[in-house]
Amino acid sequence: MALNRRQFLTGVGGLAAAATTVGLGACAPGSSGGSGSQGGGGGGGEGGKTNLTLAWWGNPTRNKNTQAMIDAYMKANPNVTISGQPGEFNSYWDKLATQTAGGQAPDIIQMDMAYIAEYGTRGALLDLGKVDTSKFVEGTVDSGKINGKLVGINAGINSAIIFANPKVFEKAKVDLPDDKTWTWDELMDVGSEVASKAGVPFGIASLMGSDALFGTFVRQRGKELFSENGVAFEPGDAQAWYDLMLKGLKAKAIGTAEQNSEESAKPLDQSAIVVGNAAMQYYNSNQLEAVSAAAGGLMKMLRGPSTTGKATDRKTWYKASMLWSASAKTKNPDAAVAWINWFANTPDAANIDKAERGIPPNSEILAEVTPKLSEAQQVVAKYINDIKPEVGTTPIAPPPGGGTLAAVLFRHGTDVLFGRASSADAAQKFVDEVKSNLQV
């Protein structure tokens, strides 16, 4: 059993001890690293020892890297003991909500953009203003600022991307598109052509529920997803997105309604582009290596389209693939800050994790590790550098409850594809539901 969002907010505010009614082990993912204290309580031990807990979600590679970093840090700092708490993404947030509501959050927390405001606006996260971000690439620090306070340190630069499978394009005898000049309509045209000629279900997969590409689509229309006052776009913007999806459906560019629904539940190694059922698919840039490895060949990275056909009008941004935060209730705030600063600013950490969490935002660290990156990671690093002229301002983090936007966008869009709702009705319901989910 997991705390729901309202129980979490109540617990953080001290209005009710919601966590006492929930067994902490009931929703906890597996952990490792010994029998250290449950977060927040990692105080100094005997002999001047400092105990910290560090929680993250990830894959086997990230788990291995993170434990290696913990071991390296403890070797260099023998008075510090760090207990790792790895987890799986979905159950991670259930556990973190429970721990936070009960005053037992991990000292150091791997944080996601979808949830940082949920925790940051309730005073659950430590001010990280002492972490050195002076060498960070412009636009990569603001992701972690909530109400003017830095509560999350960018762990890696990311960008919304469209991967293209060169083998499918070759099968169709269609040239890869010029991603510096294509528009949204041209994306659908290319998707339709290559799907037809290659005989695959998807020209472009996983587009419907992409909150990041929808975000650029909205920004190209002069809006934002969110402002400090809540939802910052109109139903008409969402309707235009749904109409674009309808165009893709009719042109057989995005697959059928049933195929879109089924695709949304598939893991990466079974995704359409990996198994050869899609010419293109939405992902994030740091996933190039994993997707390419699963597909048995390097994917081509394509920019998202623009309304004008100019890449400099895309209004994309440098996303934080994830962030590092610290519990406001940690008994060792200086030690927690020191570890985060070590991760962000030392070759010792970067040489272990490299670009697994995204391209390092510290430009000096990136220069240090670039020669050591894999082929796929070097492609991503070059792409992140190449798009600098196309990067706009960093959007604010989704307000509390705003992390549901992608799921709500997809669900109402699926109703449109199935013919259960008009694009106008679905857009209105989508906006209304996102607004009702917010706590602003």
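The values are calculated or read from the model by the stated rules, or taken from the named source; none is laboratory data. Please read all numbers here as calculations on a predicted model, not as lab measurements. Every residue, glycine as well, gets a Cβ built from its backbone with ideal geometry; the counts of neighbours run over all protein chains shown. Please note that ligands, DNA and RNA were not included when accessible areas were found on the heavy atoms of the full protein model with its side chains. Shrake-Rupley method; radii C 1.70, N 1.55, O 1.52, S 1.80 Å.
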**Study point:** strands (runs of 3 or more DSSP E) wholly inside segment 276-364 that include at least 1 residues being open to solvent by 10 Å² or more (accessible area, probe 1.4 Å) and among the hydroxyl-bearing types (S, T, Y)
**Key:** 278-284
Practice item. Please find, within segment 167-216, the residue that is most open to solvent (accessible area, probe 1.4 Å) out of those that are outside any loop (DSSP other than H, G, I, E, B) and polar (S, T, N, Q). Key: S196
**Study point:** Test set (1) over 16 Å from Q110 (Cα atoms); (2) at pLDDT 95 or above; (3) among the basic types (K, R) - K95 fails condition number
**Key:** (1)
Practice item. Could you list, in sequence order, all residues of segment 408-423 that are on the phi > 0 side of the Ramachandran plot and part of a helix (DSSP H, G or I)? Key: none
Exercise for review: Hey, can you tell me all the residues within segment 289-318 that are among the aliphatic types (A, V, I, L, M) and within 17 Å of I204 (Cβ to Cβ)?
Suggested key: V291, A295, M299, M301, L302
Point to revise | Residue that is nearest to M322 (Cα to Cα) [pool: residues in segment 393-440 that are of a type in the set (G, A, S) and surrounded by fewer than 16 Cβ atoms within 10 Å (Cβ to Cβ)] | key: A407
Revision key, fill the gap. Pairing a residue in segment 41-69 that is modelled with pLDDT under 75 with any residue that is open to solvent by less than 30 Å² (accessible area, probe 1.4 Å), where Cβ atoms lie under 7 Å and the two sit 6 or more apart in sequence or on different chains, gives G42/L52; G42/T53; G42/D107; G42/T330; G42/N332; G43/N332; G44/T50; G44/N332
**Study point:** Check on L225, within 24 Å of the chain's Cα centre (by Cα) and farther than 27 Å from K171 by Cα
**Key:** yes
